[in-house]
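The structure under discussion appears below in the form of structure tokens.
A short reminder: the numbers here are calculations on the coordinates, not readings from a lab. What you are looking at is a predicted structure, and each value in this text was computed from that prediction instead of being measured. FYI the Cβ positions are ideal-geometry reconstructions off the backbone, even for glycines, and counts take in every protein chain you see.
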Amino acid sequence: MLADAWPLAVLAILLAWPVPTVLARAVWPRRHPRAAIALWQAVGVAGGLSLIGAPLAIGVAPLDGHLRTGLAELARDAVRLRVPEALGWGQEVALALAGVLAVRLVGVTLLSAVRIERDLRRQRYAVDLAAEHADRQVRVLEHAAPAAYCLPGTRPRIVITEGTIAALAPDELEAVLAHERAHARWRHELVVQPFVAWESALPLPPARRATAAVTALVEMLADDHAARAVSRPALARALVAIGGTAGVVPTRRGTGGGGTAADEKASTPTLDRVHRLIRATTAATATSSTATATAATGKTTARATAATATGRRTTPTATTTERLIAPAAWLTATLLLIAPTWFVLR
Amino acid sequence: MADERAAAPRRLGDLERAVMDVLWTHPEGSTAQEIVERLATRTGGPELATTTVLTVLDRLRRKDFVDRERAGRAHRYRAVSSRDDVVAASMLAVLKTTDDRRSALVRFAGAVSPEEAALLREALAELEE
């Protein structure tokens, strides 16, 4: 009877709570931010679809255990403006729930996109007018507090303040700009915004954790770019210089009891990012010194360099596992999108 | 004709910036004619058509950066808020959002507490050893 309903319900529950919780706690994503973002996106899409699909399947179960044919039958009845007699009140509630969820998810996502775009347009216009220096992409604001951010879009603006320029050495400033350029170029806001929208549609802890995780991962992607373009130490120093003084900027936070919690959450990623950069640097230094030593003894081989290039001094087994993490994440993401679709359309 | 005004701002965005600059340096307000003259003095180039400046002022007014009041037969235009206030408001809009989620603006570093600033510096010292 409930053929499609159970698997979908189980999937919906798993993706709504335990999976985001576990994924948010995992450590591997900070080493493979791109694969982790793909996995989060798949969890979000599959989670949303199964969350709507499960009550739908439960609702149409008396007509047909198969969701697709059951829906078709329901639609045929609906066209004739008739409620199928087989539906009890439980099924009607399930169908209504599916409808409300679908409308809410789609509606809030669209509204949020419109609202964000309107805010951004106003912001871009304001910095264009008020910037004291401007080149094609960068706007410099005359303000003593250090701040750097990206106003994303098809013509993104990278905004930095006089305070930022004053607080940073040239290579640190270059690292900050490279970081923001990475956000702008790869349209990272398009990754983050759907999660923000879903969080406002379903304001539950897992959605909050997902948004926080994806926001942090996007920062790490930009960090990796800046580290390649400039240098890890310069970026780490810039993070400390700007992150370490950003508290000076007057914010509305701290007025309520929730202020401290918000502060905690907001700041932990900065510390995380510095640690991540430092760890990678020490690993890279260890690797390069190993490589130099090998070269000196004349035993250097391309393979040895390649083996240490992973930047981690681990046992061979751990290295193999490490290498499998990213492909496994990609595979899981793909399966999460394909399997439920196939299951419903079969 | 437009080509001859090499020194005058030509793109609409530049024109808007130039007009706002004039309004910000003259908080008492200016008529369109005065703006035309002040722009010409700044760039050292020929005067723009008053209608051009009026068009720009109209755009700025629709976006709430400029308002005007009647002054005899003309209007006196004024910046709604000072340049510093526009900068501050614009930064606050980004920085006040709890870890850039609400507006999904991607910013370099989140605000940190003094304790965490200390931790950050400690972490950095570790790097420099």
*In bins 10 Å wide, starting from 0, what share of all Cα pairs of the stretch A:76-160 does each bin hold, as a percent?*
14, 27, 16, 12, 12, 12, 6, 0
*Within 10 Å of each residue's Cβ, count the other Cβ atoms and sort B:TYR77, A:TYR125 from fewest upward.*
A:TYR125, B:TYR77
_Leading residue at positive end of dipole, the stretch A:1-75 (Cβ point charges), from A:GLY48, A:LEU63, A:PRO29_ = A:PRO29
*Taking K and R as +1 and D and E as -1, what net charge do the other residues with C-beta under 14 Å from the C-beta of A:LEU202 add up to?*
+2
_Inter-probe distance in nm under a simple model that places probes 7 Å from Cα toward Cβ, at A:ARG323 and A:ALA86_ = 5.4 nm
*Which whole-Hz ³J(HN,Hα) couplings does the stretch A:33-43 yield from phi under the Karplus relation 6.51 cos²θ - 1.76 cosθ + 1.60, θ = phi - 60°, glycine and proline marked x?*
x, 5, 4, 5, 4, 4, 5, 4, 5, 5, 4
_Local net charge near B:ARG68, Cβ-Cβ under 15 Å (Lys/Arg +1, Asp/Glu -1)_ = +2
